[in-house]
1. Mind listing the long-range amide H neighbours of Val151? Cut-off is under 5 Å, sequence gap 5 or more, other chains count too, H placed in the peptide plane at 1.01 Å from N.
2. Using θ = phi - 60° and the Karplus relation 6.51 cos²θ - 1.76 cosθ + 1.60, list the HN-Hα couplings for region 45-58 in order, rounded to whole Hz, with x at every Gly or Pro.
3. With a cap of 16 neighbouring Cβ atoms within 10 Å, and only residues DSSP puts in a loop, list the GluC sites (Glu not before Pro) found in region 3-69.
4. Under 5 Å between amide H atoms, partner at least 5 residues away or on a different chain: which partners does Val53 have, H built in plane at 1.01 Å?
5. Which ³J(HN,Hα) values, rounded to whole Hz and listed in residue order, are derived for region 112-119 from phi using the Karplus coefficients 6.51, -1.76 and 1.60 in 6.51 cos²θ - 1.76 cosθ + 1.60 with θ = phi - 60°, glycine and proline given as x?
6. For region 71-153, which GluC sites (Glu not before Pro) pass both filters: DSSP loop (anything but H, G, I, E, B) and at most 14 other C-beta atoms within 10 Å?
7. Report the charge-dipole magnitude of the chain in Debye, nearest 20, computed about the Cα centre from +1 at each Lys and Arg Cβ and -1 at each Asp and Glu Cβ.
8. Using just the helices of the chain, give the 222 nm mean residue ellipticity in deg cm²/dmol: DSSP H runs with n ≥ 4 each add -39,500 (n - 2.57), and the total is spread over all residues, rounded to 500.
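Readers should treat all values here as calculations from the given coordinates under stated rules, not as data from a laboratory. Remember, it's a predicted structure, so these values are computed and weren't measured experimentally. Using ideal geometry, Cβ is built from the backbone for each residue, glycine included, and neighbour counts are taken over all protein chains shown.
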Amino acid sequence: MIIEKTVTFKEPAQKIWDKITGDMQAVIYCMPGVQSVEALGDNKYRVDMEQKVGFIPIKFKLELKVINLSPPAHLETTADGTAHGGLGKAFQKQSLDLVPVSESITRLVYKGDLTVSGRIGTFGQRVLGSKTESVAVEFLKNFVAKSGLTVET
């Protein structure tokens, strides 16, 4: 499942980049359902989160890695892990791109590609598309709220 969302900020790219990379744990906590984040070093984090797939709450244990940093324009991460209770596995690759529109306007483009397997992949495939989109939208809303950055409306 591929998702792409865009937010335009009334801020220069470097300021947004500094907010994203200055405290990665805070940015990870912007993802809805995150219950804990532990830094493992070398741009790796263990993340415990819970998401509802349909009406079923599913807990995930993930390892999130920053795999590509190209300041101040591009960041890629992967999240790989398992759902508690043997329900399956999840893998997501996501990227954030900062595209300057002008000196003081920057477009943030979020792209995510989620793959799930096991029972959650089988029974939740129809639900996962809309769930993935709502999680991406909520992540961006949380990031905007916590960052103090100004969004162009």
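1. Here the answer is Lys10, since their amide H atoms fall under 5 Å of that of Val151.
2. Computed from phi, the couplings for region 45-58 are 9, 9, 10, 9, 8, 10, 10, 8, 10, x, 9, 9, x, 10 Hz.
3. The qualifying sites: there are none.
4. Distant-sequence amide H within range of Val53: Ile58.
5. Whole-Hz 3J(HN,Hα) from phi for region 112-119: x, 10, 9, 10, 10, 9, x, 4.
6. Glu103, Glu152
7. About 480 debye.
8. Counting only the DSSP helices, I get -9500 deg cm²/dmol.
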